[in-house]
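The values are calculated or read from the model by the stated rules, or taken from the named source; none is laboratory data. Remember, predicted model here, so these are calculated numbers, not experimental data. Note that each Cβ is placed from the backbone with ideal geometry, even for glycine, and that neighbours are counted across all protein chains shown.
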Amino acid sequence: MIWKRLSRKFLIEIFYKNMEQNIFQEFQYRLRKPWCWSFSLYFIFVIIILGGLGVIFSFITFIDIGIQDIITKEQYLCFRDDLKIIHISSNAATYAIATLAPAIISIILSLFQDDIKNKVSFAIILLVALLLSGFLLYHTITSNGISSLITAAISIIIALFFWIIANYENEYLNDAAFDKKIKDETNRKHGGNWDETK
């Protein structure tokens, strides 16, 4: 009985040790780790709202003009296929590329450090993401109507995913890590004990 428990425990440890080497486990860890108040506020207000102002304004303009111009359903359907959807989707695609590019560059630079465990898998997934984003950008620009909006939305989701992956350990977006960095620098430079003032 004891032997069975030990062997089962040993097998579970080996399984989880191998799971830690899995790229999807690393993605899951990087997606779960950064969510504190400072990271969440920065992500929502700076990356999504301020970064996406062009998309938001073009969408508001589309709705405003659409409400003013709607008289019949037929005119609404004609309006939907107008240049406004192309304008929104091209703004969304530009926002996605502007968000994705620095994230991928940051991940590529971290490939040369020990930060990423699954370097080869990460490189392959980055290449696939770049190719997919290029295809989605091309499709968004060349297509009309709802399909361009759908591809632009997929591009934004991919870009935000990789932005989180790239910035999961950004100490400037974590209150506790930033506070610790300030205290360590103060103690190193001035030799004082920051904690005594609390």
Test: residue 162 is touching an Asp or Glu at 6+ places or on another chain (Cβ under 9 Å), crowded, with 17+ Cβ neighbours inside 10 Å and hydrophobic (A, V, I, L, M, F, W, C): no
Complete set of residues in the stretch 46-55 that are closer than 18 Å to residue 169 by Cβ and surrounded by 12 or more Cβ atoms within 10 Å (Cβ to Cβ): 47
Residues within the stretch 106-145 that are under 18 Å from residue 28 (Cβ atoms) and among the acidic types (Asp, Glu), tallied: 1
Where residue 169 falls short, out of the listed (1) in contact (Cβ under 8 Å) with a residue 60 or more places away in the chain; (2) in contact with a helix residue (DSSP H, G or I) (Cβ under 6 Å, 6 or more places away or on another chain): (2)
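Evaluate the following for residue 43: is it under 16 Å from residue 163 (Cβ atoms) and either exposed (fewer than 11 other Cβ atoms within 10 Å of the Cβ) or at pLDDT 90 or above (or both)?
Details: under 16 Å from residue 163 (Cβ atoms): yes; either exposed (fewer than 11 other Cβ atoms within 10 Å of the Cβ) or at pLDDT 90 or above (or both): yes.
Taking the combined requirement at face value, the residue satisfies it.
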Close pairs from the stretch 54-71: first modelled with pLDDT under 80, partner among the charged types (D, E, K, R), Cβ under 7 Å, at least 6 apart: 62/84; 65/84
Selection from the stretch 29-49 of residues that are in contact (Cβ under 8 Å) with a residue 24 or more places away in the chain and either touching a His at 6+ places or on another chain (Cβ under 9 Å) or part of a loop (DSSP other than H, G, I, E, B) (or both): 33, 34, 36
Subset of the stretch 135-151 that is assigned to a helix (DSSP H, G or I) and among the hydroxyl-bearing types (Ser, Thr, Tyr) - its residue that is nearest to the chain's Cα centre (by Cα): 151
Residues being closer than 16 Å to residue 40 by Cβ and either over 8 Å from the mean Cα position of the chain (by Cα) or not in a helix (DSSP H, G or I) (or both) - total across the stretch 152-169: 3
Pairs with Cβ under 8 Å, 6+ apart, first in the stretch 110-122 and in contact (Cβ under 8 Å) with a residue 60 or more places away in the chain, second assigned to a loop (DSSP other than H, G, I, E, B): 117/21; 118/21; 118/22; 122/111; 122/116
Whichever residue in the stretch 117-146 is surrounded by 14 or more Cβ atoms within 10 Å (Cβ to Cβ) and hydroxyl-bearing (Ser, Thr, Tyr) and, among such residues, is nearest to residue 100 (Cα to Cα): 133
